[in-house]
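The values are calculated or read from the model by the stated rules, or taken from the named source; none is laboratory data. This is a predicted model, so every value here is computed, not measured. FYI the Cβ positions are ideal-geometry reconstructions off the backbone, even for glycines, and counts take in every protein chain you see.
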Amino acid sequence: MDMNEIKEIFFQECEEQLAELESGLLKLNDGDRDPETVNAVFRAVHSIKGGAGAFGLDDLVSFAHVFETTLDCVRSNKLEPSQDVLKVMLKSADVLADLVTAARDGGGVDEGRSRGLVKELEALARGELPSGGASDAPKPQAKPAPAPAAVAPTAAPAPTDDSGFQPIPFTFDEFGDEEATIAPSSFEVIFKPRRELYSKGNEAALLLRDLSRVGEMSINCDIDSLPLFEKMDPEAAYFSWTINVKTTKSEQDIRSVFEFAEWDCDLDVRLAESTDEDLPMIPVPFDLDFLNDDSAEDESAVENHSSEQAAAVAAAETASNVSKLAAAAARVEKKESQSAAAAAAAAASANAANAAAGAGQTIRVDLDRVDRLINLVGELVINQAMLSQSVIENDTTGTSSINMGLEELQQLTREIQDSVMAIRAQPVKPVFQRMSRIVREVADMVGKSIRLITEGENTEVDKTVIDKLAEPLTHMIRNAVDHGIETPEKREAAGKNPEGTVKLTAKHRSGRILIELQDDGAGINRERVRQKAIDNDLIPADANLTDEEIDNLIFMPGFSTADKISDISGRGVGMDVVKRSIQALGGRISISSRPGQGSTFTMSLPLTLAVLDGMVVTVAGQTLVVPLTAIVETLQPEAASIHSFGANQRLISIRNSFCPLVDVGRILNFRSMQANPVEGVALLVESEGGGQRALMVDAIQGQRQVVIKSLEANYTHVPGIAAATILGDGRVALILDVDAVVAASRGQSLRGDGALKSDMSLAATG
């Protein structure tokens, strides 16, 4: 693996850490004060800083260092995470994301903004709360870090402050090469690992080795918790260590040794008051660097320990037996962490296996490999269907062993296909988290206070859908914040909370994913929308439109209610682009608005763009596939239920209501005359606007899952046809674009953009 691949892995991990950072900050902003939430936020910034330092990304390291310092004040309860403090931190998270993007893709960031946030973060670390953070009631003030004393050759013990912490009696430059000459201090470190430390691949002996490099060290190993061998849990941690470290470094330097294991152990670091009354300590009579591969072969490293340490070993006769037992126990513990299987043979093997299975391991795989696997599984589905079709045509008994084997093959093929598709399924959480930044930025630009609420973030959908979902959602969020929600003054005048709310929800329904964007703003001004449409010659002045039809006017190309052009458009600017983007994903979008109470945009999207559950039908001798998600019900028309309307329109009576009847063969020019409805089958479908139509087909062949093949990539766009597939008999069947056919029945041109354009990049199938 070369450096570029390692760097790419780092940036992938940065995306995960940034998502964790923003999620944690939003929880804190909502009042969550769980210490683990604060620790997770701190870990995210610390991990980004550490990785960036390895690649020499100085700008990223510098900003992350200041950010981390301020978060450490929150973690140590020196800084109260108030709304004003978290507002600064959320902005800092945005800048940190920009710095990561700049480091990965090139380019720069707004230096003025980043420098300003650095000053704000430094002020918070000093205990200076943001302006506007004060209230009539006294708030907990941030406790400033102890001011370092001047560097001197000798330093007397410094008095403790009112917080109980003893100031460090020296200064040092964290990034400098020269160390100041200072008097050493003694620290007592109590280190007790938990079982999670070993399960994550950490090693206590290696941590002690790193600690020995901080200064002179003596150790006492507590083995009182060690059970009998037959009662030993191979994945448990039984030992703890009390370590005395004499060093010129600070407490933070000692804690940094355990920074990646601090949350998987009990750690206490404090200045040692006196060593006279301490328990007998066993000095380390060797350099723990022997654990390194490079130094393991260097025997001189063991022989050249100081005479003082050798004398200390000789003086520790009373602890010699403990020393031997501790060394033996340490070797047992090391084996536990490296290979639980050996100890599992002695006890609790089943429990160990179950615990390991529940750990939830992951692996990174290139998306191209997953796409190729999906393509191959698609071909497997097609060949399995062709084989089944051939056997059915040549075996009339239907009881042969071949048929039984084919049924098992069909079931296994479906399970393999579902499992492979699940590999590409990802939660919508990353997209939803990205929207929170957009809400903050746009709200600041327009001077509004708006809160984003998300639900169903763990709802999973195909990665190709997620990748294409960000752009339309971004546009809709910007419009909701800018135009949908009123200013604080108008909201107060209307008796509303001055803080507006935007709610983003995702959920599964009937094999599709529903995403709702809801705001509690003023709603759509239908009179204004109607007048704008008339002024732009989009509708005639005497048009009789329902509220739903007026709302959908904002999706017409060129429609806008904005009084002036700006970077943030009013509701309606570019909404036709949003509609086309959703349609390109095989989805539908609808609006529900109540004046004075807000609007809700509902997007219905397929879970995947690679496979489709469909109804195979026959129309004028042609085989078509109708997406099953669009079908409400099927019915056999009777002559008494068919009614003529106008010159060429027909209606069908369904449960005391009338529904337009659409002849699919006539719309697609498969035949020149309309078919007799009584001789066919009607498919009641739901179109993008929420209305229903009855599609007339000649016959239904059956329901099956088909693999989507792009017509545009392999042939050209066909009006009224979304894509194609290959049936079990080897024939190509066209997948109907239901929304385009319904739109054509209303008089619109069939040559317009269809609702389900499944191009090669979206379908991920050949």
Quick one: is Glu460 within 30 Å of Gln705 (Cα to Cα) and in contact with a helix residue (DSSP H, G or I) (Cβ under 7 Å, 6 or more places away or on another chain)?
no
I need a count of the residues in the stretch 34-58 that are modelled with pLDDT under 85 and either in a loop (DSSP other than H, G, I, E, B) or touching a Pro at 6+ places or on another chain (Cβ under 9 Å) (or both).
2
With the structure loaded, tell me whether Leu228 is at negative phi, in contact with a helix residue (DSSP H, G or I) (Cβ under 9 Å, 6 or more places away or on another chain) and assigned by TED's automatic domain parsing to the domain that holds Leu267 or whether it fails that test.
no
Residue check, Glu22 against (1) under 27 Å from Glu111 (Cβ atoms); (2) modelled with pLDDT under 90; (3) over 17 Å from the mean Cα position of the chain (by Cα), all met but one. Which one?
(3)
Answer yes if at least one residue in the stretch 662-670 is of a type outside the set (Phe, Trp, Tyr), under 30 Å from Asp418 (Cα atoms), crowded, with 20+ Cβ neighbours inside 10 Å and under 47 Å from the mean Cα position of the chain (by Cα), and no otherwise.
no
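Please report, ordered by residue number, the helices (runs of 4 or more DSSP H) entirely within the stretch 385-499 with at least 3 residues that are over 33 Å from the mean Cα position of the chain (by Cα) and surrounded by 14 or more Cβ atoms within 10 Å (Cβ to Cβ). Give the derivation first.
On the way: elements: 401-423, 429-446, 463-479, 488-493.
Result: 401-423.
Against the condition touching a Phe, Trp or Tyr at 6+ places or on another chain (Cβ under 8 Å) and either touching a residue at least 12 places away in the same chain (Cβ under 8 Å) or surrounded by fewer than 16 Cβ atoms within 10 Å (Cβ to Cβ) (or both), how does Ser47 come out, does it pass?
no
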Starting from residues that are in contact with an Asp or Glu (Cβ under 6 Å, 6 or more places away or on another chain) and closer than 30 Å to Ile48 by Cα, keep the ones in the stretch 215-267 and report whichever is modelled with the lowest pLDDT.
Asp264
For a quick check of your reading of the model, give me the residue pairs whose first member lies in the stretch 720-736 and is assigned by TED's automatic domain parsing to the domain that holds Thr623, whose second is surrounded by fewer than 18 Cβ atoms within 10 Å (Cβ to Cβ) and at pLDDT 85 or above, with beta-carbon atoms closer than 8 Å and at least 6 apart or on different chains.
Ala724/Val732; Thr725/Val732; Ile726/Val732; Leu727/Thr623; Arg731/Thr623; Ala733/Thr623; Leu734/Gln622; Leu734/Thr623
Condition check: under 14 Å from Asn479 (Cβ atoms) and either modelled with pLDDT under 60 or in the same structural domain as Asp520 (by TED's automatic domain parsing) (or both). Does Ile582 satisfy that?
no
Given the conditions (1) in a loop (DSSP other than H, G, I, E, B); (2) within 26 Å of Gln12 (Cβ to Cβ), report the number of the one that Glu80 does not fulfil.
(2)
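Picking from Thr454, Thr459, which residue would you name as being under 30 Å from Ile515 (Cβ atoms), modelled with pLDDT of 85 or more and in contact with a Pro (Cβ under 8 Å, 6 or more places away or on another chain)? Spell out how you get there, then give the answer.
Values: Thr454 fails: in contact with a Pro (Cβ under 8 Å, 6 or more places away or on another chain).
Checking each option against the conditions leaves just Thr459.
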